[in-house]
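These notes are about the structure you will find just below.
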Amino acid sequence: MTSWLRIKAIFFKELIQLKRDRMTFGMIVMIPLIQLLLFGYAINTNIRHIPAGVVDMSQTGISRLLIQTVQATQVVDVQHYFQNEEQAQAAIARADIRAVLFIPQDISQRLARHPSVGLGTPASTDEETTRPIAQWIVDGSDTIVAGAIKGLKGMPLVELLNKPANRSVPTFEITLLFNPEQRTVVNIVPGLVGIILTMTMIMFTSAAIVRERERGNMEMLITTPVRPIELMLGKIIPYIFIGSIQVSIILGLGYTLFNVPVNGGLWDLAGATFLFITASLTLGLVISTIAKNQLQSMQMTVFILMPSILLSGFMFPYEGMPEAAQYIAEALPATHFMRMIRGIVAREVDLFAMSYDVYWLALFTLAGLVVASLRFMKRLD
Amino acid sequence: MSNVIIKASKLTRHFEHVKAVQALDLEIEQGQIYGFLGPNGSGKTTAMRMLIGLLSPTSGEIQVLGHALPQQAEAVRLQIGYMTQKFSLYDDLTVLENLKFIANIYGLPVKHQSKRINELLSIYGLEKKQSQLAGSMSGGQRQRLSLAAATLHHPKILFLDEPTSAVDPENRRDFWEQLFDLSDQGTTILVSTHYMDEAERCHKLAILETGIKRADGSPQTLMQNMGANVIEIEAQDLRGLKQSLLPLDGVISAAQLGTRLRVLISDHIQNPVAFLQQQNCIHPQDVLENVRPSLEDVFVTSTGRSTP
């Protein structure tokens with residue numbers, strides 16, 4: 001029979017040890033605090049001020065006006081002027097600049113014949129209407145930078161000429177739900193909850209059993225009547241509270257500093273968080289029963305942490321990954337939590353709508369507890 | 001069945017290339033203080049761990065309190081106490097917190113806990129230390145705390161693995177007083193040691209060497225039946241004398257004790273004093289005396305080693 005007295009004994013022992021370990025205790029608060037501030041401000045997928053250069057072969061008023069219009073978008077920051085294309089490409093290769101705007105000598109004629117300007121007489125030939133007025137040469141190795149420059153492709157030329165241009169009618173009307181201002185933090189803040197919890201929760205428990213072994217307490221512990229499941233539960237319960245504190249710090253600061261409100265229900269949030277914390281904690285426990293020392297447990301934590309950051313959908317959309325990678329991502333608790341927390345924070349989804357992820361995390365936790373308890377032998381051989 | 005509560009037959013344990021314990025037969029009666037005497041690596045800890053159910057034997061059988069180990073290890077958990085060789089309570093918990101933890105783990109009812117803990121604190125002289133972190137205490141204090149923790153649940157059998165290796169002689173004597181008190185109350189104690197004076201205090205002991213039991217019995221029986229006589233020689237140049245005596249047939253060992261040489265002579269030599277006096281290296285003015293054997297002599301004759 002499972003004894004609550006024994007679970008309670010281990011629970012309080014863990015709390016006391018945690019309280020005396022000032023460094024770890026501090027990290028519980030500092031990790032979410034610092035990382036949220038850092039990443040909340042730093043990570044931004046709306047690229048601005050890409051350093052750029054210009055090769056102006058025409059040197060006319062029109063070309064200078066074009067450069068000013070491009071500058072006004074704030075996407076690029078024109079820092080260098082080059083005599084010719086070769087110099088400009090060398091500068092890209094040196095990484096002085098990321099992109100070059102090449103303005104041909106005949107920009108005035110091109111512009112006059114450009115469909116957006118629409119100088120009708122004499123009628124433009126097909127060849128003339130398909131000619132772009134200038135060219136961007138971009139360092140394409142970073143796809144996000146390249147994508148930002150690509151966005152300039154259809155830049156309106158309204159201000160370029162002192163006459164109203166024929167507005168072309170867009171093919172699609174786009175309505176942006178949930179994050180109309182396209183602020184990156186709306187996606188980053190809930191995502192960080194998943195990443196920080198993955199890191200701290202797995203890290204804390206992955207060392208839990210190994211530490212007892214390394215400090216020599218294990219030999220005493222296994223001669224007592226304590227059952228593996230009691231030990232496992234006693235070890236993870238304190239961290240459920242700690243995980244909840246961390247979530248509160250991240251979402252509280254996310255609201256006050258970055259204005260990211262929790263749109264969904266708080267009970268849904270609590271439920272999803274509880275499931276994810278217990279899943280991560282049991283994953284840590286399983287690691288702890290495999291690792292021989294704390295260094296090994298740390299290595300295994302990093303082994304789980306990296307795919308949790310890169311494959312969970314935190315950095316790159318899940319849908320964009322190849323099918324095999326999606327299967328791997330599905331195996332990680334962080335992927336399921338990422339979906340749930342973003343749904344709750346941004347889209348006001350409730351847990352019933354995400355029952356697949358709920359069941360998955362619950363099963364993961366149960367399986368983890370069983371595996372950890374079975375792997376934990378009350379023997380030394 | 002008599003009151004044998006620990007019984008092992010042909011107990012064997014091999015680690016990859018090491019035969020840690022080989023065909024060990026044991027019978028320990030209730031209330032005895034039973035000692036394992038042997039040098040480091042003689043299999044004392046391995047044997048003890050098997051008797052607790054922490055290690056599975058490679059072959060052989062174990063019965064502890066009527067339960068077969070290691071299969072029924074959980075059944076005896078509440079009835080045994082184990083004090084590990086290395087301090088295994090929590091360094092970052094205080095004396096009181098450690099004892100409370102153990103009390104809860106052993107399921108001691110909450111209302112009896114403080115009474116029992118206070119009792120232990122007073123028996124083991126830890127009242128003033130109760131709020132001190134275990135990690136900051138001296139070797140002797142930690143040893144007393146370990147014993148308090150191991151006996152908190154009134155175990156029937158107490159296993160002590162080299163309990164006094166980290167404490168000074170005075171603490172060792174006090175510690176043994178406490179063991180005799182426990183034994184008096186009916187607790188069976190199995191203790192491993194490499195100290196002769198400790199082994200001599202046991203009711204019965206087994207001498208282990210490289211995993212094999214070389215001799216067992218009470219210290220007195222062992223000394224009577226050791227199959228050798230002890231002669232002490234007072235002479236000049238004891239170092240040289242030792243080198244000349246050792247190759248002789250019948251001389252088991254020779255060890256210098258201050259100004260005397262202690263020589264063990266196999267008992268197939270009828271008159272050991274006369275035998276020695278016939279040797280060239282012994283001068284007429286040298287003093288030879290037949291003395292009472294010690295446990296150390298038993299150890300030397302049964303293992304062929306000079307020190308444990």
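The values are calculated or read from the model by the stated rules, or taken from the named source; none is laboratory data. Computed from a predicted model, the values in this text were never measured in an experiment. Positions of Cβ are backbone-derived with ideal geometry, glycine not excepted, and every protein chain shown enters the neighbour counts.
Which residue is surrounded by the fewest Cβ atoms within 10 Å (Cβ to Cβ), if the candidates are limited to segment B:126-148 and must be polar (S, T, N, Q) and closer than 16 Å to B:ARG173 by Cα? Before you say what the answer is, go through the steps one by one.
Going through segment B:126-148, the residues polar (S, T, N, Q) turn out to be B:130-132, B:136, B:138, B:141, B:143, B:146.
Keeping just the survivors that are closer than 16 Å to B:ARG173 by Cα gives B:141, B:143.
Details: B:GLN141: 19, B:GLN143: 24.
Ranking the qualifying residues of segment B:126-148, first place goes to B:GLN141.
Mind checking whether some residue in segment B:112-119 is within 11 Å of chain A (Cβ to nearest Cβ), in a helix (DSSP H, G or I) and in contact with a helix residue (DSSP H, G or I) (Cβ under 8 Å, 6 or more places away or on another chain)?
The answer is yes, given that some residue of segment B:112-119 is within 11 Å of chain A (Cβ to nearest Cβ), in a helix (DSSP H, G or I) and in contact with a helix residue (DSSP H, G or I) (Cβ under 8 Å, 6 or more places away or on another chain).
Considering only residues that are touching a Phe, Trp or Tyr at 6+ places or on another chain (Cβ under 8 Å) and more than 10 Å from every other protein chain (Cβ to nearest Cβ), look in segment B:43-73 and name the one that is surrounded by the most Cβ atoms within 10 Å (Cβ to Cβ).
Only one residue tops the list, namely B:LEU51.
What's the number of the only condition in (1) buried (at least 16 other Cβ atoms within 10 Å of the Cβ); (2) modelled with pLDDT under 90; (3) farther than 26 Å from A:PHE316 by Cβ that A:VAL54 fails to meet?
Result: A:VAL54 passes all but (2).
Please find, among A:ILE229, A:ILE222, the residue that is among the hydrophobic types (A, V, I, L, M, F, W, C), touching a helix residue (DSSP H, G or I) at 6+ places or on another chain (Cβ under 7 Å) and within 14 Å of chain B (Cβ to nearest Cβ).
So the residue among A:ILE229, A:ILE222 that is among the hydrophobic types (A, V, I, L, M, F, W, C), touching a helix residue (DSSP H, G or I) at 6+ places or on another chain (Cβ under 7 Å) and within 14 Å of chain B (Cβ to nearest Cβ) is A:ILE229.
Output the number of the condition that A:ARG20 fails; it satisfies all remaining conditions of (1) farther than 18 Å from A:ILE209 by Cβ; (2) within 10 Å of chain B (Cβ to nearest Cβ); (3) in contact with a helix residue (DSSP H, G or I) (Cβ under 8 Å, 6 or more places away or on another chain).
(3)
Assuming B:ARG214 fulfils every condition listed in (1) in contact with a strand residue (DSSP E or B) (Cβ under 9 Å, 6 or more places away or on another chain); (2) assigned to a loop (DSSP other than H, G, I, E, B) apart from one, which condition is it?
So the condition that B:ARG214 fails would be (2).
Being free of Cβ contacts under 8 Å to residues at least 40 places away in the same chain and touching a strand residue (DSSP E or B) at 6+ places or on another chain (Cβ under 8 Å) is the filter here; which residues of segment A:49-76 pass it?
A:HIS49, A:ARG64, A:ILE67, A:GLN71
Is it fair to say B:THR58 is more than 26 Å from the chain's Cα centre (by Cα) and of a type in the set (Ser, Thr, Tyr)?
Judged against the criteria, B:THR58 is not a match.
Return a yes/no flag: does segment B:86-109 have any residue that is assigned to a loop (DSSP other than H, G, I, E, B), surrounded by 15 or more Cβ atoms within 10 Å (Cβ to Cβ), at pLDDT below 95 and away from every other protein chain (no Cβ under 13 Å).
For segment B:86-109, residues assigned to a loop (DSSP other than H, G, I, E, B), surrounded by 15 or more Cβ atoms within 10 Å (Cβ to Cβ), at pLDDT below 95 and away from every other protein chain (no Cβ under 13 Å): absent.
Kindly indicate which of A:ASN259, A:ASN263 is in contact with an Asp or Glu (Cβ under 9 Å, 6 or more places away or on another chain), surrounded by fewer than 23 Cβ atoms within 10 Å (Cβ to Cβ) and at pLDDT 90 or above.
The unique qualifying residue is A:ASN263.
Got a sec? Which of A:MET321, A:MET300, A:MET340, A:MET315 is within 22 Å of A:LEU38 (Cβ to Cβ) and aliphatic (A, V, I, L, M)?
On inspection, the qualifying residue turns out to be A:MET315.
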